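Notes follow the structure.
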Amino acid sequence: MSNFLSNYWWILAIVLPLIFSKFILRVLFGMVIVPENRIGLVTKKFVLFGSEKSLPDGRIIATKGEAGFQAKTLAPGLYWMMWPWQYSIDMAAFTIIPEGKIGLVLSKDGAEIPTGRILAQKVASDNFQDATMFLDNGGQKGRQSAFITTGSYRINTYLFEVVMTDQIVIHENMVGIVTAMDGEPIPIGQIAGKFVDNHNNFQDFDQFLKNGGNRGLQPQVMLAGSYYINAWAVQIEETPMTDVPIGYVGVVISYIGEDGKDVTGDSFKHGNIVSKGQRGVWMEPFGPGKYALNKYTTKLEPVPTTNLVLNWANARSESHNLDKNLSTITVRSKDGFPFNLDVAQIIHVPANEAPKVIARFGSMSNLVSQVLEPTIGNYFRNSAQDSDVISFLSTRKERQESAKNHIKIVLDEYNVNAVDTLIGDIVPPDSLMKTLTDRKIAEEEQKTYQTQKMAQEQRQGMEKETAIADMQKEIVKASQSVEIAQRTADATVKKAEGDATSLKLNVNAEAEATKMRANAEAEATKARAAAQAEATKLNASAEAEKISKTGIAEAEKIMAIGKSTAEAYELQVKAMGGDNFTKYKITEEIGKGNIKIIPDLIVNGGNGTEGSLNGLMGLQLLEMIQKKAKDNEA
């Protein structure tokens, strides 16, 4: 220690006098030095002179030299006569509000805020840097409507407390919905305050109050940007802008404003449609675009203006979701069968008729549930009860057209255009479907059998023609035989008219029989080629016809032979005489039997001459009989 003092005694020689001199100056002359980055907060301990020795009741800040916290602060610099036994000086830093922040001010002293208000009105005070001016101008204690922005301030923290908060930022495609925390009460019958101008987007809240602004929900909204907003005075809710997509119009329903006069006239009696700015449904809808609307004071009901498809089907729903609660329609037919059918309805709402639709129903979903769903469902249920399932299925096109016309008439009354009505899948009961399927299969099989029968008949015809062609040779041969027979018969007739006639009839009968047999064979061939069920019948018929024709031919042959024989006998009788013909036939019959009635050698037992003559006659007669027999055999 002795070494330190011996080495640095000269430093102590300089510092100690300075310390003692500052202390001496503070004590003797009341000198106070306030640094350049500080302010001096003064507390007066007592009053030596003057009548104002104590503060009025309820006050904590002295403005007239009373004892206590002083309103006046010491700026950076040198001050005298601030004796330490009378004044206490606290060095406080400047109040600095950084970028993007604001300072909300709470006053600890001042006049009382009027009843019904929560914020103190703004008074001149050099941004709260002059406490004396603030209090002398009637500044009120409590939360202030005014605030301080970015910068450095000499704030008397004995009087003011500064709370920093963020700037309000409304982002792109968003809107700020404003609720005022102070102001006049909202008029009776309204849900939002009246429209007030000249407050710079609620940044000058004191001006908002002076202009008669109402506390509560405000009709104005704030667009994208940064704002200095007193969070004690105004609350901001950021919400997306209202979007009306392409293919839609937005029907505006305003919950605020004066009651307007209906502009639709006497023809529309389903709600009031008013002019823009009035309470009710606005006559002019918004087109596609984005709009800064207050969702609490205004509702935008989207209405599609393109063709809208609604499906009554369990498995299908459109992107607009208006048909999400619609399902397949179940109906019951006249004959008691329940069945399901899918229906699609296409509608169109004209843009100028959209406000009337919303005024009547409130929304497009209500239009679907209150009109379209019962109208279409009941129509098809009633239609099905007038018909059986089969007729309903077979007249689908006509019923679809009828439904379209009926629904169009109904929707015209609701300012909606019915574009088309389409019947989709129809699902009859399984039992009935099986019956219909079996019936259809039977019908198709019958057609198949008919086709096969026609094919078989064509094949039979072809085989018949083939058989006829194959038999042509026989026919030609038979024809030649007939001609030969005819020529032979002619020769025979010339020789003997009876034999010729007989042979002619015989040949004709044989030719006819041959022709009939050929026809019978052709028919038999045709019958064999037919279907198995027809084959037996055709064979039997052909056989019967063959037997019949053969019998007829045989009968005709016998008749012809008999006739020709009779005619030959008649001619022979005429030629030979009755007795001679009789003897001749007897002899002929004996000759056919090869009976020898005359011996080869005749023994003459009597007269020689007579016996020899009789023997020669016998031999001649025998030769004639044998020759006739040979001719007959040939």
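The values are calculated or read from the model by the stated rules, or taken from the named source; none is laboratory data. What you are looking at is a predicted structure, and each value in this text was computed from that prediction instead of being measured. We place every Cβ from the backbone using ideal geometry, glycine too, and count neighbours over all the protein chains shown.
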In region 38-66, which residues are at pLDDT below 85, surrounded by 13 or more Cβ atoms within 10 Å (Cβ to Cβ) and either touching a Lys or Arg at 6+ places or on another chain (Cβ under 6 Å) or among the hydrophobic types (A, V, I, L, M, F, W, C) (or both)? 47, 52, 55
Go through region 77-118 and give me each residue that's without any contact (Cβ under 8 Å) to a residue 24 or more places away in the chain and over 60 Å from the mean Cα position of the chain (by Cα). 114, 115
Yes or no: region 210-230 includes at least one residue that is farther than 22 Å from residue 292 by Cα and hydrophobic (A, V, I, L, M, F, W, C). no
Total residues in region 300-346, condition in a loop (DSSP other than H, G, I, E, B) and either aromatic (Phe, Trp, Tyr) or in contact with a His (Cβ under 9 Å, 6 or more places away or on another chain) (or both): 4
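For region 317-363, name all the residues that are within 22 Å of residue 262 (Cβ to Cβ) and among the aliphatic types (A, V, I, L, M). Working first, answer last.
Initially, region 317-363 is screened for residues within 22 Å of residue 262 (Cβ to Cβ), giving 349-363.
349, 351, 354, 357, 358, 359 - these are the residues of region 317-363 that are within 22 Å of residue 262 (Cβ to Cβ) and among the aliphatic types (A, V, I, L, M).
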Would you be able to say whether some residue in region 310-321 is closer than 24 Å to residue 288 by Cβ, aliphatic (A, V, I, L, M) and in contact with an Asp or Glu (Cβ under 9 Å, 6 or more places away or on another chain)? yes
How about region 306-325: which of its residues are surrounded by 20 or more Cβ atoms within 10 Å (Cβ to Cβ) and within 16 Å of residue 416 (Cβ to Cβ)? 308, 310, 322, 323
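Take region 273-295 and flag every residue that is crowded, with 20+ Cβ neighbours inside 10 Å and polar (S, T, N, Q). Even if it seems obvious, please write down each step before you answer.
Filtering region 273-295 down to residues crowded, with 20+ Cβ neighbours inside 10 Å leaves 273-274, 280-283, 285, 293-294.
Of everything in region 273-295, just one residue is crowded, with 20+ Cβ neighbours inside 10 Å and polar (S, T, N, Q), namely 294.
From the set of residues in region 127-176 that are assigned to a loop (DSSP other than H, G, I, E, B) and hydrophobic (A, V, I, L, M, F, W, C), which is nearest to residue 73 (Cα to Cα)? Steps first, please.
Here is the first cut: in region 127-176, the residues assigned to a loop (DSSP other than H, G, I, E, B) are 127-130, 137-139, 141, 149-150, 154-159, 167, 171-173.
In the following step, the residues that additionally are hydrophobic (A, V, I, L, M, F, W, C) were identified as 128, 155, 159.
Values: 128: 12, 155: 8, 159: 11 Å.
Ranking the candidates gives 155 first.
I'm trying to understand the selection: among the residues of region 405-422, which are buried (at least 18 other Cβ atoms within 10 Å of the Cβ) and within 19 Å of residue 312 (Cβ to Cβ)? Lay out the reasoning, then the answer.
The first filter runs over region 405-422 and keeps only residues buried (at least 18 other Cβ atoms within 10 Å of the Cβ), leaving 407, 411, 414-416, 418, 421.
Result: 407, 411, 414, 416, 418, 421.
Could you tell me whether residue 39 is in a strand (DSSP E or B), in contact (Cβ under 8 Å) with a residue 60 or more places away in the chain and more than 60 Å from the chain's Cα centre (by Cα)?
Details: in a strand (DSSP E or B): yes; in contact (Cβ under 8 Å) with a residue 60 or more places away in the chain: yes; more than 60 Å from the chain's Cα centre (by Cα): yes.
Judged against the criteria, residue 39 is a match.
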For residue 35: the one exception among (1) in contact with a Pro (Cβ under 8 Å, 6 or more places away or on another chain); (2) buried (at least 19 other Cβ atoms within 10 Å of the Cβ): (2)
Which of the residues that make up region 363-386 are crowded, with 17+ Cβ neighbours inside 10 Å and not in a helix (DSSP H, G or I)? 363
Just to verify a result, which residue in region 177-198, among those that are within 53 Å of the chain's Cα centre (by Cα) and outside any loop (DSSP other than H, G, I, E, B), is nearest to residue 129 (Cα to Cα)? 180
Every listed condition ((1) buried (at least 19 other Cβ atoms within 10 Å of the Cβ); (2) under 13 Å from the mean Cα position of the chain (by Cα)) holds for residue 298 save (2)
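If I go through region 132-142 residue by residue, how many of them are surrounded by fewer than 22 Cβ atoms within 10 Å (Cβ to Cβ) and either among the hydroxyl-bearing types (Ser, Thr, Tyr) or in contact (Cβ under 8 Å) with a residue 60 or more places away in the chain (or both)?
Residues that pass the stated criteria total 2.
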Right, residue 276: modelled with pLDDT of 85 or more and within 16 Å of residue 255 (Cβ to Cβ) or not? yes
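If a residue has to be among the charged types (D, E, K, R) and under 24 Å from residue 336 (Cβ atoms) to count, how many in region 393-429 make the cut?
Going through region 393-429, the residues among the charged types (D, E, K, R) turn out to be 396-399, 401, 404, 408, 412-413, 420, 425.
In the following step, the residues that additionally are under 24 Å from residue 336 (Cβ atoms) were identified as 396, 398-399, 425.
Matching residues across region 393-429 total 4.
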Could you go through region 81-89 and let me know if any residue there is in the same structural domain as residue 234 (by TED's automatic domain parsing), surrounded by fewer than 17 Cβ atoms within 10 Å (Cβ to Cβ), at pLDDT 85 or above and small (Gly, Ala, Ser). no
Look at residue 149 and say whether it is surrounded by fewer than 15 Cβ atoms within 10 Å (Cβ to Cβ), under 60 Å from the mean Cα position of the chain (by Cα) and hydroxyl-bearing (Ser, Thr, Tyr). yes
Number of the condition not met by residue 159 [criteria: (1) crowded, with 18+ Cβ neighbours inside 10 Å; (2) within 50 Å of the chain's Cα centre (by Cα)]: (2)
